Structures are given as structure tokens and as C-alpha cells.
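Report on one structure; see the data block that follows.
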Amino acid sequence: QTCALPILYPVFGNWVWGGGWLAQLGSNFGLGHGHVDFAGSSVVHMQGGVIALIFAWLIGPRLGKFNKDGSVNPIPAHNIPMAIAGTFILAFGWFGFNPGSTLAGTDLRIAVVATNTMLASATGCLAAVLWMWWVRTGKPDPSMACNGMLAGLVAITAPCAFVNSIGACLIGLIAGIVVVESVFFFDRLRIDDPVGAISVHGTCGAWGCLSIGLFADGSYGDGWNGVAGTVKGLFYGGGLGQFVAEFIGVLTCFVTLSVLSIIVFKIVDAIVGNRVTD
């Protein structure tokens, strides 16, 4: 997958951040400010999630993951404390990833972005823990708590500059539930995702972009993508235009990266192979 990134990422990335057709959905078709993604829920995370989905589907599950009747054999993480430590390292790095993105421009939205990033990570973790405990398994799951925190971080990456603190908390809460259900969904499809990366980055990356079309509060983004006025979502009087632009971007990301991934990984498989023998 790492070798494929320079081939796959720039296409969709330029459509969103390079002034491409997704960025111009607002100026050309009146759909809000076009596909807006502040720090990469779709450009970075969803692309990676879709690539992982296609690769996991192509190479098949690990031996012993699924039984013949379709039931799942959980393969636990080998070291939960290390996984938790890694999660907090990632969470710390997100404060360079999200707030650091403000330094690419001339504004200093950094405090709002940092606060929203922290809030969404906390509520994402809490929601995943409670959802597993109260709805799914009857007990808290530390590995899913980690995924919940990362889900909140991924989801807030796109809207972090455009929403208020309440919106950030709600986005994280929803992401924490979505990531749990997404993990179980892909298990039912017999797609083996050992660490939930498809759900964390792909599913919650999509949710993060869609959330702009709902929760953007109109406090930021004047002139974004060449459209006058601030970015407003449906719940703040912005109408459906911004949500539709986000949906088009998410759908485009899924379709484009699926097709490109299949092409790239089929070529790699023909040249060197994608998986060792049984």
C-alpha cells in the first residue's frame, strides 16, 4: 500500500485541494463552497480507508479468521498496552496535523481547531466504549476504545475549523458509534481488517466530510474555494447545497480510489505478488 500512495493520492487530492472540479462545485454549480475538507478526512483518511478496503478484499482474510459457516474468530491484539500507547502517540500527532494546517494560510484558527480536535477524540472514545458495553458485548473493550478515539480524530479532521465545540462533540460521539458498527459490518462481509483501519479511516473519514454539510456554523470560511460568505451546514441555515457537495466528494473518493486501487494492486500482484503462500 505504501508504494501505491504516490500513484493514488494525488488524483483526488488535487480535485479537492488543488482547485479541481470538486473544489469548484460551489462556484460552478452553487453547491455551497464546493467539497470542503480542512485537513484531510477525505483527502488523507478516506482515501487510505478505501485503498485498505480494496486490498483486504483482494488478498482475502487471514487463515482462521472466518469459519465455513461465516462466523468470525476474533484474533486479539498481541499487546493492548502497546496499542493504547500508540493510540495516544497518534492523538498527540493530530495536533500537528489539524491545528498545524492553519499555518499554511494567513489566518490563525489554530485555537478553535485544537479544541475541536481534543473534544472529538474524547467523545469518540467514550461513545465507542459505551456502545460496546451497553449494546454490543456487555463489557468495555479497550481496543475498540482506541478505535473510537481515532474515529473521532479522523471525523473532526475535515470540519475542525468550521464547527463549534458542541458540533465537535456530536461529530465525535457519532463517529465512535459508527466505527463500532462499521467493524462488525465488514466482518459480516468477510473482509478481514485486523485493526479496523477501513472503519476508522474510511467510514469515519466519509462521516467527517458529511458532517461539514450539517454542523458548519458559519463562523469561518469566508471566500473558501472562491465562494463569498462563510461555510454553513444544514443545521445552521446553509441549506442542502454544502451537504450535497460533501456527499459528491465522498462518493467520488470511493469510486475513484476503488478503481485505481484495483488497477494498481492487480499490477503489483502480477509483478511481485500481494500475499505469501499458505
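The values are calculated or read from the model by the stated rules, or taken from the named source; none is laboratory data. Nothing here was measured: the structure is a model prediction, and the numbers come from that model. Note: ideal-geometry Cβ built from the backbone for every residue, glycine included; neighbour counts use all protein chains shown. Each accessible area value is taken on the protein alone, full model and side chains, heavy atoms only, with ligands, DNA and RNA left out. Shrake-Rupley method; radii C 1.70, N 1.55, O 1.52, S 1.80 Å.
Side notes on the structure shown:
- Qualifying positions in the stretch 13-32 - out of contact with any Leu (no Cβ under 7 Å at 6 or more places or on another chain), open to solvent by 10 Å² or more (accessible area, probe 1.4 Å) and not in a helix (DSSP H, G or I): 18, 19, 20, 21, 24, 30, 32
Conditions (1) farther than 25 Å from residue 13 by Cα; (2) at pLDDT below 95; (3) open to solvent by less than 40 Å² (accessible area, probe 1.4 Å), marked per residue:
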| residue | (1), (2), (3) |
| --- | --- |
| 128 | yes, no, yes |
| 132 | yes, no, yes |
| 153 | no, no, yes |
| 166 | yes, no, no |
| 176 | yes, no, yes |
| 184 | yes, no, no |
| 191 | yes, no, yes |
| 211 | no, no, yes |
| 218 | no, no, yes |
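- Some residue of the stretch 197-204 being open to solvent by less than 40 Å² (accessible area, probe 1.4 Å) and under 16 Å from residue 235 (Cβ atoms): no
- Being among the β-branched types (Val, Ile, Thr), part of a helix (DSSP H, G or I) and either open to solvent by 50 Å² or more (accessible area, probe 1.4 Å) or at pLDDT below 95 (or both) is a description that does not apply to residue 54.
- Members of the stretch 96-109 found to be in a helix (DSSP H, G or I) and surrounded by fewer than 16 Cβ atoms within 10 Å (Cβ to Cβ), listed by number: 96, 100, 103, 104
- Listed conditions (1) surrounded by 14 or more Cβ atoms within 10 Å (Cβ to Cβ); (2) over 21 Å from the mean Cα position of the chain (by Cα); (3) not β-branched (Val, Ile, Thr) are all met by residue 70, apart from (1).
- In the set (1) part of a helix (DSSP H, G or I); (2) free of Cβ contacts under 8 Å to residues at least 60 places away in the same chain; (3) open to solvent by less than 60 Å² (accessible area, probe 1.4 Å), residue 112 fails one condition alone, (2).
- The single condition among (1) part of a helix (DSSP H, G or I); (2) open to solvent by 20 Å² or more (accessible area, probe 1.4 Å) that residue 62 does not satisfy is (1).
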